[in-house]
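Here's the structure, in structure tokens; my notes come after.
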Amino acid sequence: KIKTSYKSYSIFLGLKNYIGSFAFPDAVYVYRDFLHTLPKNEFVSGMSECFKHCLIAHNKVFAEEFLSSTTPPDISDHVLTKLIETKANLVRNDANDQKVRNFLNFGHNLAHAIESLFLKLRLVVLHGEAVWIGILYDLFLAKNSGMLGPDVFKEMKALWSLMDQRRPKAVLQQ
């Protein structure tokens, strides 16, 4: 039984995630067969969020294991558990996004701007596709501001590139 938390936000005045709330489940249950019901583009979108957890954990072995299991039947219990534990470890002592939980926002600032733009244009972009772009942007921003050393940047960018080559591209929907 792993404790984590859930944030729910709404679109308000054309802005994504402007208002919302926190909820705390008693438990997290994973129903693996549900992954088989997802359309390919939605599954790929979710993989962007999962890959974000690999980069946050900064665990190359975990990232490589995740990269070898990017189709629903191949995602191991170990990978699923590790993804949930990564989030749970960040929110355990930071329920309201004041400190380390902010790592979960990795890639999301630009992603929400992209999603807001697409809303304004009456187009739909999958959240994970926007996050995917935001992750790369955040990596370059962290490197250029000195928050991420060149060696760590190179390793994370290489993992991002490897994932980008392996993942099928989701289709933007109108």
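The values are calculated or read from the model by the stated rules, or taken from the named source; none is laboratory data. Remember, it's a predicted structure, so these values are computed and weren't measured experimentally. Glycine gets a Cβ as well: all are built from the backbone with ideal geometry, and neighbour counts include every protein chain shown.
Brief remarks follow.
- Residue within the stretch 40-53 that is modelled with pLDDT under 85, of a type outside the set (Asp, Glu) and not in a helix (DSSP H, G or I) present: no
- The residues on offer are Asp33, Asp26, and the sole one that is surrounded by fewer than 12 Cβ atoms within 10 Å (Cβ to Cβ), more than 18 Å from the chain's Cα centre (by Cα) and modelled with pLDDT of 80 or more is Asp33.
- All conditions but one from (1) assigned to a helix (DSSP H, G or I); (2) surrounded by 14 or more Cβ atoms within 10 Å (Cβ to Cβ); (3) at pLDDT below 90 apply to Ala158; the one that does not is (2).
- Selection status of Leu126, in contact with an Asp or Glu (Cβ under 8 Å, 6 or more places away or on another chain), within 25 Å of Leu38 (Cβ to Cβ) and touching a residue at least 60 places away in the same chain (Cβ under 8 Å): yes
- Leading residue by the ranking (surrounded by the most Cβ atoms within 10 Å (Cβ to Cβ)) among those in the stretch 36-62 that are among the aliphatic types (A, V, I, L, M) and over 15 Å from the mean Cα position of the chain (by Cα): Leu38
- When we screen Val152, Val131 for residues that are in a helix (DSSP H, G or I) and modelled with pLDDT of 90 or more, the only hit is Val131.
- Restricting Asp97, Asp74, Asp164 to residues that are modelled with pLDDT under 90 and under 26 Å from Tyr31 (Cα atoms) narrows the list to Asp74.
- Cβ pairs under 8 Å, 6+ apart, first in the stretch 26-53 and free of Cβ contacts under 8 Å to residues at least 60 places away in the same chain, second part of a helix (DSSP H, G or I) and polar (S, T, N, Q): His53/Thr86
- Single match in Leu83, Leu126, Leu104, Leu90 (criterion: crowded, with 17+ Cβ neighbours inside 10 Å and farther than 25 Å from Asp26 by Cβ): Leu126
- Residue within the stretch 114-122 that is surrounded by 14 or more Cβ atoms within 10 Å (Cβ to Cβ), among the polar types (S, T, N, Q) and touching a Lys or Arg at 6+ places or on another chain (Cβ under 7 Å) present: yes
- Of the numbered criteria (1) within 10 Å of the chain's Cα centre (by Cα); (2) closer than 17 Å to Cys54 by Cβ; (3) not basic (Lys, Arg), the one Glu129 fails is (2).
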